[in-house]
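The values are calculated or read from the model by the stated rules, or taken from the named source; none is laboratory data. The shown structure was predicted, so the numbers you read here are calculated from the model rather than taken from an experiment. Using ideal geometry, Cβ is built from the backbone for each residue, glycine included, and neighbour counts are taken over all protein chains shown.
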Amino acid sequence: MPVIAVSNPKGGAGKSTTVLLLATYLAQSGASVCVLDADPNQPIMDWKENGESKTTLKVVGGIKESNLMEVLDEQNAQFVFIDLEGTASVLVSRSIAMADFVIIPVQASAVDVRQAGKAIRAVRDEEKVAQRSNPLRSIPYRVLMTRTPAPGAPVSSVQRQLEAELVEAKIPRFRTSLAERLAFKAIFVERLTLAELGEHKVGNLGAAYENLHDLVDELIETLRELDRKRYPNEQ
Amino acid sequence: MSNKFGLVDDPEDQNSPRPSLDLSSFAPVKKRAPIDLVEVDAAAAPHGFVSRESVPSSIVTDAHSASAVARPAATHARRRLARAEPSRSLAVRMVVPEYDRFVAYADRHQLTYHEAIKKLLDDVGE
């Protein structure tokens, strides 16, 4: 535990940002973390290779349908994230099938949500396939709202409708959202981790860090809870 | 700003992970259980998850066979029919993922690109 796939067939939903923020935070916390960059644009590989971050995060690029399983089997980090391309592909569905947990980032837009629906249905169907050979296998997932207004700012009616629909459809989601923050964009511009941005005075860095703290706390809590459900006798 | 007396919080400390985060209980990732790629690909195909990688058929191995299932049938030289109507060229620059989606769509439906555009327009009633 755990391989975490981050997927939404819609591009620009915040997949790479989510992966980079979570992975670098966990690495900074002392965990061994690896990112498999399965996006053809290789945004995280570019971040790592062309930046000067001192993070211990390991990034493996060039992930394809044909080498996904092999590359995944070579990893022995505590956390492996798979940053997936913004399209519906076999690479995405195979990554979902092999994941322990799937994060589905969604912006409050109709297109994003409909595309996220594809990912949710794929997760559910892949879970059924996996259960044919292992009835205990599950592929838990959570929707993550991204680029939401900062706390205190007005929330759009689209976002409110989306949140209501998620509740009605009983789709699990993170309580924490990733707000629209300059600092979250700046990590790609400066090719640094959020913690390393200190000197660059980008937006409200403290608030951005607090937001990320909350998301990581919730992720860890969720993973621990899932583990307890999976192996109840071990706790 | 000076911090001779250690009263000013170090910005790096402010942006450090919370000390309560203990990740030691997370064991390293284990080797994945083998999965049936044919079934995995077949389950995802109805939701539009198809191969976006162009692998020449000559190097398709067993490992690729599952993706070959989801991949559109091998392309073949299409017969070009002379059209009586006047025609114009349309050159479109697209980002790669959308280009791949469009080409995959045309291949899946065995359409030329102009036929694929026509079908998409017809389907949305334009």
message: Quick test of your reading of the structure: A:Phe184 fulfils all but one of (1) without any contact (Cβ under 8 Å) to a residue 40 or more places away in the chain; (2) away from chain B (no Cβ under 12 Å); (3) touching a helix residue (DSSP H, G or I) at 6+ places or on another chain (Cβ under 8 Å). Name the failing condition by number.
response: (1)
query: Which residue, of A:Asp100, A:Asp125, A:Asp112, is modelled with pLDDT under 80 and surrounded by 17 or more Cβ atoms within 10 Å (Cβ to Cβ)?
result: A:Asp112
statement: Inside region A:145-182, the number of residues satisfying the requirement of being of a type outside the set (A, V, I, L, M) and assigned to a strand (DSSP E or B) is 4
- request: Go through A:Leu84, A:Leu26 for me and flag whichever is farther than 20 Å from A:Asp112 by Cα, buried (at least 22 other Cβ atoms within 10 Å of the Cβ) and modelled with pLDDT of 90 or more.
  value: A:Leu26
- prompt: Residues of region A:49-81 being farther than 28 Å from A:Gly117 by Cα and at the interface with another protein chain (Cβ under 9 Å from one of its Cβ atoms), which ones?
  reply: A:Glu70, A:Asp73, A:Gln75, A:Asn76, A:Ala77, A:Gln78
- prompt: Only one residue in A:Pro105, A:Pro43 is surrounded by fewer than 19 Cβ atoms within 10 Å (Cβ to Cβ) and within 16 Å of the chain's Cα centre (by Cα). Which one?
  reply: A:Pro43
message: I'd like to check something: does region A:89-106 contain any residue that is free of Cβ contacts under 8 Å to residues at least 24 places away in the same chain and either aromatic (Phe, Trp, Tyr) or part of a loop (DSSP other than H, G, I, E, B) (or both)?
response: no
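Of the residues that sit in region A:133-144 and are touching a helix residue (DSSP H, G or I) at 6+ places or on another chain (Cβ under 7 Å) and not in a loop (DSSP other than H, G, I, E, B), which one is farthest from A:Ser93 (Cα to Cα)? Spell out how you get there, then give the answer.
First, pick out the residues of region A:133-144 that are touching a helix residue (DSSP H, G or I) at 6+ places or on another chain (Cβ under 7 Å): A:137-144.
Restricting the remaining residues to those that are not in a loop (DSSP other than H, G, I, E, B) gives A:141-144.
Details: A:Tyr141: 14, A:Arg142: 16, A:Val143: 17, A:Leu144: 19 Å.
So, considering only residues that are touching a helix residue (DSSP H, G or I) at 6+ places or on another chain (Cβ under 7 Å) and not in a loop (DSSP other than H, G, I, E, B), the one farthest from A:Ser93 (Cα to Cα) is A:Leu144.
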query: What tally of residues in region B:29-79 results from selecting those that are modelled with pLDDT of 50 or more and within 26 Å of A:Val129 (Cβ to Cβ)?
result: 27
query: So is A:Asp39 among the acidic types (Asp, Glu) and more than 12 Å from chain B (Cβ to nearest Cβ) or not?
result: no
